[in-house]
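All remarks here apply to the structure that follows.
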Amino acid sequence: MVQVGIRDFCEEEYDFSNSREDIKTFYDLELKRRMLKGETWEQVCKDIIKELPQNVYISFDIDGLDPAFCPHTGTPVPGGLSVDQVFFLFREVHASGRKIIAFDLNEVSTGGLEEHEVEWDGNVGARILYKMCGWLVKSNA
């Protein structure tokens, strides 16, 4: 399992994921630190992709985005990825020759919101879903 953009976790989760050789976690603060020191997102993506198996299942939690992009998610936490970074990573996974075999999208919130709020979060979720569908098709062509 490869986790990207993790920024909200407890000590037990941190210890567990770091004690397992079959789990690689790219914490949000570390990603940001690398880029603030001059690494490009492309370089970071290459390191992420090196950890992936040939067949990739993407489980995308909308909480991984910066809350500016999807503010009504169940667990908004400062930091996170931009939509452009996510789309770039999807493209790089495909370009690496890996096969995206399936995906899921979760935590797109629509409950208890005003109509304009539902529209925004739903729009962001739909765009993520649309891109994942496209990369799945390209990966299996």
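Work out which trypsin sites (Lys or Arg not before Pro) in the chain are exposed loop sites (DSSP not H, G, I, E or B, at most 14 other Cβ within 10 Å) and give the longest gap free of them. Spell out each step's value before the answer.
Working: sites that count: 20, 37.
In short, 38-141.
Given labels modelled 7 Å from the Cα in the Cβ direction, how far is it in nm from residue 102 to residue 21?
2.7 nm
Determine the sum of side-chain charges near residue 58: Lys and Arg each +1, Asp and Glu each -1, restricted to other residues whose C-beta is under 11 angstrom from that of residue 58. Mind dumping the intermediate values first?
On the way: positive: 98, 131; negative: 61, 104.
Summing Lys and Arg as +1 and Asp and Glu as -1 gives 0.
Relative contact order for the chain using alpha-carbon pairs under 8 Å, separation at least 6, rounded to a whole percent? Before the final figure, lay out the partial values.
Working: 184 pairs, mean separation 32.6, N = 141.
Taking the mean separation of contacting Cα pairs over the length of the chain, I get 23 percent.
Can you give me the distance in nm between label points at residue 30 and residue 130, each placed 7 Å from the Cα along the Cα-to-Cβ direction?
A separation of 3.4 nm, rounded to one decimal place.
Rank 93, 73, 36 by how far each Cα sits towards the positive end of the charge dipole of the chain (+1 on Lys, Arg Cβ; -1 on Asp, Glu Cβ) and give me just the farthest.
Of the options given, the answer is 93.
Whole-Hz ³J(HN,Hα) for each residue in the stretch 74-91, computed from phi via Karplus 6.51 cos²θ - 1.76 cosθ + 1.60 with θ = phi - 60°, x for glycine and proline: what do you get?
Values per residue, Gly and Pro as x: x, 9, x, 9, x, x, x, 8, 8, 4, 4, 5, 4, 5, 5, 4, 4, 4 Hz.
With only alpha-carbon atoms counted, please give the Rg and Dmax of the stretch 42-139, in Å.
14.0, 42
Throughout, read-outs are computed from the coordinates displayed, never taken from laboratory work. This is a predicted model, so every value here is computed, not measured. Every residue, glycine as well, gets a Cβ built from its backbone with ideal geometry; the counts of neighbours run over all protein chains shown.
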